[in-house]
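So the structure is just underneath, and the comments pick up after that.
The values are calculated or read from the model by the stated rules, or taken from the named source; none is laboratory data. What you are looking at is a predicted structure, and each value in this text was computed from that prediction instead of being measured. Because the Cβ atoms are built from the backbone with ideal geometry, glycine has one as well, and the counts that use them run over all protein chains shown. For the accessible areas, the whole protein counts, side chains as well, though only heavy atoms, and no ligand, DNA or RNA atoms are used. Shrake-Rupley method; radii C 1.70, N 1.55, O 1.52, S 1.80 Å.
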Amino acid sequence: MMDKTSLFLSKEMLEDVEMLPFVAVSDEEEIGKNENFGELMPVMPLKNTILFPGVIIPITVGRDKSIRALGKSNDTDKFIAVLTQKDSKTENPGFVDLYSTGTIARIVKMLKMPDGSQTVILQGRKRFMVEKVVSEEPFLEARIGLRTYNSSERKLEYDAMIKTIQEQSKKIIELSPQIPNEAQLLLRNIDNDRFLLNFISSNLNISIDQKQTLLETDDLFSKAEKIMLHLSDDLKLLEVKDQIESKVRGDLEKQQRDYYLNQQLKTIQEELGQDPHEHDIIELKEKASKKKWNKSNAEHFDKELAKIQRMNPQVSEYSVQMNYLETLIDLPWNEYTKDRYDIEHIRKVLDKDHYGLEKVKERIIEHLAVLKLKGDMKAPILCLTGPPGVGKTSLGKSIAKALNRKFVRMSLGGLHDESEIRGHRKTYIGAMPGRIIQAIRKAGSSNPVFILDEIDKIGKDFRGDPSSALLEVLDPEQNSTFHDNYLEQEFDLSKVLFIATSNSLSSIQPALLDRMEIIEIQGYSMEEKLEIAVKHVMPALAEEHGLKSKQVKISKETIGRIIEDYTRESGVRSLGRQLASVMRKAALQVAMYKAKQVSFDPTQLKGILGVPRFNNDQYQENLPSGVAIGLAWTRVGGDILYIETSISKGKGKMILTGNLGDVMKESASTAISFVKAHAAELNIEDEFFENHDIHIHVPEGAIPKDGPSAGITMLSAVSSCIIGKPLKPHLAMTGEITLRGRVLPVGGIKEKVLAAKRAGIKTIMMCIENKPHVEEIPAEHVAGLEFVYVRDMHEVLGFGLGVSKF
């Protein structure tokens, strides 16, 4: 029983103390009923332990004073006073180095050891307090006074605490593997509360100072309270420790189980000749033998393959290395699809897939013709730029189909990380090749048509500049040796036909822009949208909605009304959404009411699409003097623009309204200055401008307006107002003016002419230098229009106002 009592001592503490506690079977009070200790007693210091009443401990005695004190006590009544040192490092302690409260111990047995030291077994009896120091030589001796316990008046609470202490001690024994289970039986056999408290105190895993405090506590209720708090702390610590150990033990058991099963599976597979890892390596070797890579790539692959053969398949690096080798194998090294450079066929495919865009298609065909003759792809990278929805990406698809090449698209919008282009080094967790190499791997060919979509929307932040990484990709002199960080090998991209798309050129890095050949795609005219809707959009939407072409009929007039009243765009995406709404109505009629054919006319659009969202200006009859019609270009097409002028009494001020930009304001100033300079030729009095204010207004003031093309329109409106003569009916004009009266060419002629025709204009006046632009417009789009080409303002006013002297 003596080797089962150190219930709560930690391993560290067992190494520090000089003894182990034993258990006494009797309570201190029962032991000491008929014992007389006397007032003078020899004192023996103890290191690293506190002796409590009722507890038996063995100690090794080596100091001379302690041996003499034991000899004195052993020769008399066998009782000795025991005090604990405050500092265990003190070699020759005096009373100032000892606590003043200790325990009277009975010498149970003394044993002399071969090295001259003595081992003595002490049994704690009564607590005492040093009242007076008698002597310190030849051993410590003092006059003592006994200390007694104060019983608790709160007996019910005290009994509950004793019960709690027993239960906590039981749990601690259960959670402590170093404590034998027999200790629980020992605890159950202790029926004396004072001895239980002393026994638990002796075995608590706390400091010597804390144990001394428990020894000095006379109130049993307070002592039980302190012991319960210490036990609670120990119990919490043990519970957390047990949870951690259980988790670790479970993880270890799972690992051991998995390892054991894997070893068994490996052995079985080896017996059957079915090693999966060996099979994977053999498969890699077979694929490698069929690759068309150069000597450097082959040597690199063999080196990496030898590395994986030396690896344990259970380590994490094995899967990383396997993924790398599979990437090398899957890439199409020097594998190309056979090009089809049949120019007529390419033209037919582009015409079939895209209506209009003649200049763009012609430029693409010329580019491909050069590639056919040259035999390699070291040509400028194409960049298709234009507004959304005009078919930039679908043009790339058509080129791939016409050339019989694979098609790959990579969206660059919002790309911030340079590693997305160049890849990550394979040493990083989750490393993978860049998106360029991934797309080539997916295509399975080294010469696909590669669309770099939204190249103008690449981001830039602390992770790098992806547009700088694209410089190598899009440079024909460099991309034959493109380096991906993951591959660690050079890959040839020179045979890839890169086509970039953008909505604007302003945000593209200049060095990147310099590597690309820009092909501008302008927006579609209303007539082109109508043809695209009939030939491409409608058949595709009918198929998407489960309808046959015969089941739905939408007239061109209806489609034209949708384009004019419900869309404002350069492309046809919004038109497609509006037509999809009409198609859903048709699908409902066919599905619910079994209609064989559903027709739609313009009168039904309001019920399907709602109130018209946009209103195109139409020519107004009988315009008064001072009003001229200009032609404007917007990002969604052309439009007509009314410019109104009025004259009132004043001091010669010029008033401009209508949300005009700086360039347009300068055009108005130039027009008035020209009229002032030629006042005599227009029969205008010299004092007219000093006594009148001129107000020029452009309607729809919420819409910003700017540009030089309204110059001749403003001059015509001002002249008409001053002379009091209206301009010719059904006349619209566009052109920039100078102070000398010259008319300069402007842009957007196609869109402006088509807008004028839609508005009911019959005559269009513009600079003679714009005549070639008019000739590029298909004849059917300009039928019924008269064009007047002018060189200066004399011709403008002569035709518009009929000023013969001018």
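Would you confirm whether any residue within the stretch 544-558 is touching a Lys or Arg at 6+ places or on another chain (Cβ under 7 Å), under 26 Å from Thr393 (Cβ atoms) and open to solvent by less than 20 Å² (accessible area, probe 1.4 Å)?
No; the residues of the stretch 544-558 include none that is touching a Lys or Arg at 6+ places or on another chain (Cβ under 7 Å), under 26 Å from Thr393 (Cβ atoms) and open to solvent by less than 20 Å² (accessible area, probe 1.4 Å).
Yes or no, residue by residue, for (1) open to solvent by less than 10 Å² (accessible area, probe 1.4 Å); (2) in a helix (DSSP H, G or I); (3) touching a strand residue (DSSP E or B) at 6+ places or on another chain (Cβ under 8 Å):
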position	(1), (2), (3)
Glu700	no, no, no
Ile703	no, no, no
Gly707	no, no, yes
Ala717	yes, yes, yes
Cys721	no, yes, yes
Glu736	no, no, yes
Val753	yes, yes, yes
Arg758	no, yes, no
Met766	yes, no, yes
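Determine which single condition Trp633 fails, assuming it passes every other condition in (1) of a type in the set (A, V, I, L, M, F, W, C); (2) within 22 Å of Thr738 (Cα to Cα); (3) without any contact (Cβ under 8 Å) to a residue 12 or more places away in the chain.
Exception for Trp633: condition (3).
Given Gly701, Gly658, Gly724, Gly741, which one is touching a residue at least 60 places away in the same chain (Cβ under 8 Å) and either under 30 Å from Gly560 (Cα atoms) or in contact with a helix residue (DSSP H, G or I) (Cβ under 9 Å, 6 or more places away or on another chain) (or both)?
Going through Gly701, Gly658, Gly724, Gly741 in turn, the sole match is Gly741.
Considering (1) within 12 Å of Ala81 (Cβ to Cβ); (2) within 60 Å of the chain's Cα centre (by Cα); (3) of a type in the set (A, V, I, L, M, F, W, C), say which one Phe128 fails and leave the rest.
(2)
Determine which member of the set Glu299, Glu278, Glu317, Glu362 is farther than 30 Å from Lys392 by Cα, open to solvent by less than 90 Å² (accessible area, probe 1.4 Å) and among the charged types (D, E, K, R).
Glu278
Determine the pairs where a residue that is closer than 12 Å to Ile519 by Cβ, located within the stretch 341-364, has a partner that is part of a helix (DSSP H, G or I) with Cβ atoms under 6 Å apart, the partner being 6 or more residues away or on another chain.
Matching pairs, first to second residue: Lys361/Leu350.
Which helices (runs of 4 or more DSSP H) sit wholly inside the stretch 417-522 and have at least 3 residues that are at pLDDT 85 or above?
435-443, 510-514
For Leu325, indicate whether it is in a helix (DSSP H, G or I), over 24 Å from Ile532 (Cβ atoms) and not basic (Lys, Arg).
yes
I need every pair where a residue in the stretch 773-789 that is more than 19 Å from Val360 (Cα to Cα) and of a type outside the set (Asp, Glu) has its Cβ under 8 Å from the Cβ of a residue that is assigned to a loop (DSSP other than H, G, I, E, B) and open to solvent by 80 Å² or more (accessible area, probe 1.4 Å), sequence separation at least 6 or different chains.
Here the result reads Gly784/Lys762; Leu785/Lys762, each pair linking the stretch 773-789 to a residue that is assigned to a loop (DSSP other than H, G, I, E, B) and open to solvent by 80 Å² or more (accessible area, probe 1.4 Å).
Each row is one residue, and each column tells you yes or no for (1) within 23 Å of Asp639 (Cα to Cα); (2) in a loop (DSSP other than H, G, I, E, B); (3) open to solvent by less than 20 Å² (accessible area, probe 1.4 Å).
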{"site": "Ser570", "(1), (2), (3)": "yes, yes, yes"}
{"site": "Gly576", "(1), (2), (3)": "yes, no, yes"}
{"site": "Val582", "(1), (2), (3)": "no, no, yes"}
{"site": "Lys585", "(1), (2), (3)": "no, no, no"}
{"site": "Gln589", "(1), (2), (3)": "no, no, no"}
{"site": "Ala595", "(1), (2), (3)": "no, yes, no"}
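Just one of the numbered conditions (1) over 23 Å from Lys649 (Cα atoms); (2) open to solvent by 10 Å² or more (accessible area, probe 1.4 Å); (3) over 53 Å from the mean Cα position of the chain (by Cα) is not true of Pro726; which one?
(1)
In the stretch 513-541, which residue that is within 17 Å of Thr634 (Cβ to Cβ) and under 39 Å from the mean Cα position of the chain (by Cα) is surrounded by the fewest Cβ atoms within 10 Å (Cβ to Cβ)?
Among those residues, the one meeting the criterion is Glu520.
Quick grid of which residues meet (1) within 28 Å of Ser648 (Cα to Cα); (2) among the acidic types (Asp, Glu); (3) within 54 Å of the chain's Cα centre (by Cα):
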residue: His730; (1), (2), (3): yes, no, no
residue: Met733; (1), (2), (3): yes, no, yes
residue: Glu736; (1), (2), (3): yes, yes, yes
residue: Leu754; (1), (2), (3): no, no, yes
residue: Thr763; (1), (2), (3): no, no, no
residue: Asn770; (1), (2), (3): no, no, yes
residue: Val782; (1), (2), (3): no, no, yes
residue: Tyr789; (1), (2), (3): no, no, no
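Looking at Leu331, Leu350, Leu357, which one is under 14 Å from Leu284 (Cβ atoms), surrounded by 17 or more Cβ atoms within 10 Å (Cβ to Cβ), of a type in the set (A, V, I, L, M, F, W, C) and in contact with a helix residue (DSSP H, G or I) (Cβ under 9 Å, 6 or more places away or on another chain)?
The match here is Leu331.
Can you tell me how many residues in the stretch 631-676 are part of a helix (DSSP H, G or I) and either more than 30 Å from Gly389 (Cβ to Cβ) or of a type in the set (Ser, Thr, Tyr) (or both)?
Residues in the stretch 631-676 being part of a helix (DSSP H, G or I) and either more than 30 Å from Gly389 (Cβ to Cβ) or of a type in the set (Ser, Thr, Tyr) (or both): 13 in total.
Could you figure out which of (1) at pLDDT below 90; (2) under 23 Å from Ile764 (Cα atoms); (3) among the acidic types (Asp, Glu) isn't true of Glu685?
Glu685 satisfies all of (1) at pLDDT below 90; (2) under 23 Å from Ile764 (Cα atoms); (3) among the acidic types (Asp, Glu) except (2).
Out of all the residues in the stretch 658-697, which are under 48 Å from the mean Cα position of the chain (by Cα) and open to solvent by less than 80 Å² (accessible area, probe 1.4 Å)?
Gly658, Asn659, Leu660, Gly661, Val663, Met664
For Ala533, which of the numbered conditions (1) at pLDDT 85 or above; (2) closer than 29 Å to Asn297 by Cβ; (3) assigned to a helix (DSSP H, G or I) fails to hold?
Here Ala533 clears every test but (2).
Determine if the stretch 60-70 includes at least one residue that is farther than 16 Å from Val133 by Cα and assigned to a loop (DSSP other than H, G, I, E, B).
yes
Does Leu261 satisfy the criteria of being open to solvent by 70 Å² or more (accessible area, probe 1.4 Å), of a type in the set (A, V, I, L, M, F, W, C) and farther than 30 Å from Leu373 by Cβ?
Yes: the conditions hold for Leu261.
Does the stretch 772-793 include one or more residues that are out of contact with any Gly (no Cβ under 6 Å at 6 or more places or on another chain), assigned to a helix (DSSP H, G or I) and buried (at least 19 other Cβ atoms within 10 Å of the Cβ)?
no
Within the stretch 761-769, is there a residue that is β-branched (Val, Ile, Thr), at pLDDT 90 or above and in contact with a Phe, Trp or Tyr (Cβ under 6 Å, 6 or more places away or on another chain)?
Taking every residue of the stretch 761-769 in turn, at least one turns out to be β-branched (Val, Ile, Thr), at pLDDT 90 or above and in contact with a Phe, Trp or Tyr (Cβ under 6 Å, 6 or more places away or on another chain).
Given the conditions (1) touching a helix residue (DSSP H, G or I) at 6+ places or on another chain (Cβ under 8 Å); (2) open to solvent by 20 Å² or more (accessible area, probe 1.4 Å), report the number of the one that Ser648 does not fulfil.
(1)
Please identify the pairs in which a residue from the stretch 398-411 that is under 18 Å from Asp456 (Cα atoms) and open to solvent by 40 Å² or more (accessible area, probe 1.4 Å) has its Cβ atom under 7 Å from the Cβ atom of a residue that is in a helix (DSSP H, G or I) and modelled with pLDDT under 85, counting only partners at least 6 apart or on another chain.
Matching pairs, first to second residue: Arg409/Thr393.
Tell me, which residue of the stretch 738-751 that is of a type in the set (Lys, Arg) and over 47 Å from the mean Cα position of the chain (by Cα) is least open to solvent (accessible area, probe 1.4 Å)?
Arg742
Looking at this structure, is Asp662 over 20 Å from Leu739 (Cα atoms) and at pLDDT 85 or above?
no
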